[in-house]
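Peer 1: Attaching a single structure in structure tokens format; questions to follow.
Please treat every number below as a calculation from the coordinates, not as lab data. All values derive from a computational prediction rather than experimental measurement. Glycine also receives a Cβ, built like all others from the backbone with ideal geometry; neighbour counts cover every protein chain displayed.
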Amino acid sequence: MDNFLFFGLLILVFIGLPIGFGILLYFIPKKLGYPKSGKYLTIIYGLLVSAFVLLTVFEDKLFSNDNAKALIEEQQILLDDKFEITENKSASAIGDYYHTFTLKISDNDKRNAISKIKSANNFKPKNIEIDDLLSQRTSDRYFGKKVIQNYETENSFVREYFEPSGKKGYAPTFRRISISKYGNLLKLEDIDD
């Protein structure tokens, strides 16, 4: 019964309210004697809602090399050569967002990125215990300090970035960059949980 109520509420909010608002945009000006204005307002509103829905549905298809490069460079890893997006996926639910993409990078960019990770002050070699930044459930999750950790695993070199939101109930920023030891692949995971 609770699931039925929840889905009914979702339908009302995401479908009923936008349609109801569109109907109001048509009928209020029409009742005031401006039927053409009501028609134009409804068309403009419909186009805006349609654009929002299409952008949401095709978000992965619209993700570009510039978007990928900007997210990587936020972690101070520079990509100087051309690269190719080999995989891009995102998913979201109420309160959660997950985006991951994989890039095929050049040998030079791979060497530079690994060097950047290995030369960090807090670099931890393989088999050394690391903190699980994503599962922090303390007050540091919302009001703590920004944390960057660099480490090596069996298959990759990793840089993790965690920044609290500064507001209770708002998801912190968590990004993980993994550079494969066995290929020229760089993977970024962006998780808001």
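Peer 1: Set the Förster radius R0 to 41 Å, insert the Cβ-Cβ distance between F21 and N65 as r into 1/(1 + (r/R0)^6), and round the FRET efficiency to 0.05.
Peer 2: 0.65
Peer 1: Something else: I need two numbers for the stretch 65-192: Rg to one decimal and Dmax as a whole number, Cα atoms only, in Å.
Peer 2: 14.8, 42
Peer 1: Can you tell me the relative contact order of the stretch 65-192? Whole percent, Cα pairs under 8 Å, sequence separation 6 or more.
Peer 2: Normalised by residue count, the contact order of the stretch 65-192 is 24 percent.
Peer 1: Could you pull out every residue, at least 5 positions away or on a different chain, whose amide H is within less than 5 Å of the one on K181? Hs are placed 1.01 Å off N in the peptide plane, and Pro or chain starts have none.
Peer 2: Close amide H contacts, sequence-distant or interchain: S156, F157.
Peer 1: Separation of the stretch 44-85 and the stretch 152-168 by C-alpha centroid, Å?
Peer 2: Answer, in whole Å: 21.
Peer 1: Run the numbers on the stretch 2-57 and let me know its relative contact order in percent, using alpha-carbon pairs under 8 Å that are six or more apart. Mind showing how you got there, number by number?
Peer 2: Values: 22 pairs, mean separation 12.8, N = 56.
Once divided by the residue count of the stretch 2-57, the mean separation gives 23 percent.
Peer 1: When the chain is modelled as a GNM with alpha-carbon springs shorter than 10 Å, which of T173, T56, T102 fluctuates the most?
Peer 2: T56
Peer 1: Give me the dipole magnitude in Debye, nearest 20, for the chain about the Cα centre, with unit charges on the beta carbon: positive for Lys and Arg, negative for Asp and Glu.
Peer 2: 640
Peer 1: Per the Kirkwood formula on distinct C-alpha pairs, the Rh of the stretch 2-57 is how many angstrom?
Peer 2: 12.5 Å is the Kirkwood radius here.
Peer 1: Here is the link list: K61/K167; K61/K146; K89/K124; K104/K124; K110/K187; K82/K181. Which ones come out longer than 22 Å on Cα distance?
Peer 2: With Cα atoms farther than 22 Å apart: K61/K167; K61/K146; K89/K124; K104/K124.
Peer 1: Right, something else. HN-Hα J couplings of the stretch 161-168 from phi, Karplus 6.51/-1.76/1.60, θ = phi - 60°, integer Hz, Gly and Pro as x?
Peer 2: With coefficients 6.51, -1.76 and 1.60, one gets 10, 9, 9, x, 6, x, 9, 4 Hz.
Peer 1: Okay, helix-only estimate at 222 nm for the chain: each DSSP H run of n ≥ 4 adds -39500 (n - 2.57), divide by all residues, round to 500 deg cm²/dmol; what do you get?
Peer 2: Calculated at 222 nm, the ellipticity per residue is -12000 deg cm²/dmol.
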